[in-house]
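A.B. asks: Can you keep this structure in mind? I'll have questions shortly.
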Amino acid sequence: MESVLQAFLSAVPQATAIWLTILLALAVAVAAAAVPRGVHAPEPATEENRFAALLEAEAAEAAEAAARRRAEWLAAQQAVDETWAAYEQASETTRRMAATTAFPLMSRRRKPGDNIDRQRYLHRAATELCRTQDLSIAQLNDVFAHRGWNPRLHPVQQEAALYNAVREHRFEAYRQAVETERAAWRGAEAAAETLRGLRADAAAARLRGPEAEQADQRRTEQWTPTELPAAA
């Protein structure tokens, strides 16, 4: 009886070890099955891709700058359309006013205060047009100084001259808007070209091996800003 009991007790540790081994193998198999296929743990940042990451950060900043330049160009383009529409409207008004002065006005003896009234009308009308930005400040100063303006003309003639000045002012605004739009276009194109270059450099840096990047870094460190080789 004692020999049977001793044999049983001596076999218990071996059986326990076998069962623990089986359970551990099952746990490993279950854990391996739970991991999705094709998913790899992210690689830690290394010295090799630091240069590429720097270029990508610069490209992100360049993308924001390019977006701002494009928005400025679109706003400038809209300003060109608006100033041209205002010029066309001023031109149409000028043509209508010119038609009203095609027929000669009846001449009569002026009353003593007529010239004063006509001058006040000219000043008042010019001030209102300047308030609505149909005349510039410089043009308004010319009106009050009577530089190129005759304050004794009939109000109909004065109004025709005023709207002719409005047309000139609107055309000058259109010309300036065109120049601004062209400058904004050049800025947007330069920003877009910079962005394309940085993105291409970043992609190339990602594709190149670490040895090429280290060689570039060594070449950069060899030349100081005053010793850079001249471009061929």
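The values are calculated or read from the model by the stated rules, or taken from the named source; none is laboratory data. Note that the structure is predicted; figures quoted are calculated from it, not measured. Every residue, glycine as well, gets a Cβ built from its backbone with ideal geometry; the counts of neighbours run over all protein chains shown.
A.B. asks: Can you tell which of GLN139, GLN158 is closer than 16 Å to MET97 by Cβ and either touching a helix residue (DSSP H, G or I) at 6+ places or on another chain (Cβ under 6 Å) or small (Gly, Ala, Ser) (or both)?
C.D. replies: Of the residues listed, the single one that is closer than 16 Å to MET97 by Cβ and either touching a helix residue (DSSP H, G or I) at 6+ places or on another chain (Cβ under 6 Å) or small (Gly, Ala, Ser) (or both) is GLN158.
A.B. asks: Would you confirm whether or not the stretch 110-126 contains a residue that is more than 40 Å from the chain's Cα centre (by Cα), modelled with pLDDT under 75 and among the polar types (S, T, N, Q)?
C.D. replies: Checked the stretch 110-126: no residue is more than 40 Å from the chain's Cα centre (by Cα), modelled with pLDDT under 75 and among the polar types (S, T, N, Q).
A.B. asks: What are the residues in the stretch 160-187 that are in contact with a Leu (Cβ under 9 Å, 6 or more places away or on another chain) and either over 16 Å from LEU122 (Cβ atoms) or among the acidic types (Asp, Glu) (or both), if any?
C.D. replies: Answer for the stretch 160-187, where residues must be in contact with a Leu (Cβ under 9 Å, 6 or more places away or on another chain) and either over 16 Å from LEU122 (Cβ atoms) or among the acidic types (Asp, Glu) (or both): HIS169, ALA184.
A.B. asks: Checking the structure you have, find out if any residue of the stretch 177-187 is part of a helix (DSSP H, G or I), within 27 Å of the chain's Cα centre (by Cα) and closer than 17 Å to ALA90 by Cα.
C.D. replies: Yes: one or more hits.
A.B. asks: Where residues in the stretch 139-160 are under 23 Å from GLU92 (Cβ atoms) and in contact with a Phe, Trp or Tyr (Cβ under 7 Å, 6 or more places away or on another chain), which of them is modelled with the lowest pLDDT?
C.D. replies: Filtering the stretch 139-160 for residues that are under 23 Å from GLU92 (Cβ atoms) and in contact with a Phe, Trp or Tyr (Cβ under 7 Å, 6 or more places away or on another chain), the one modelled with the lowest pLDDT comes out as PRO155.
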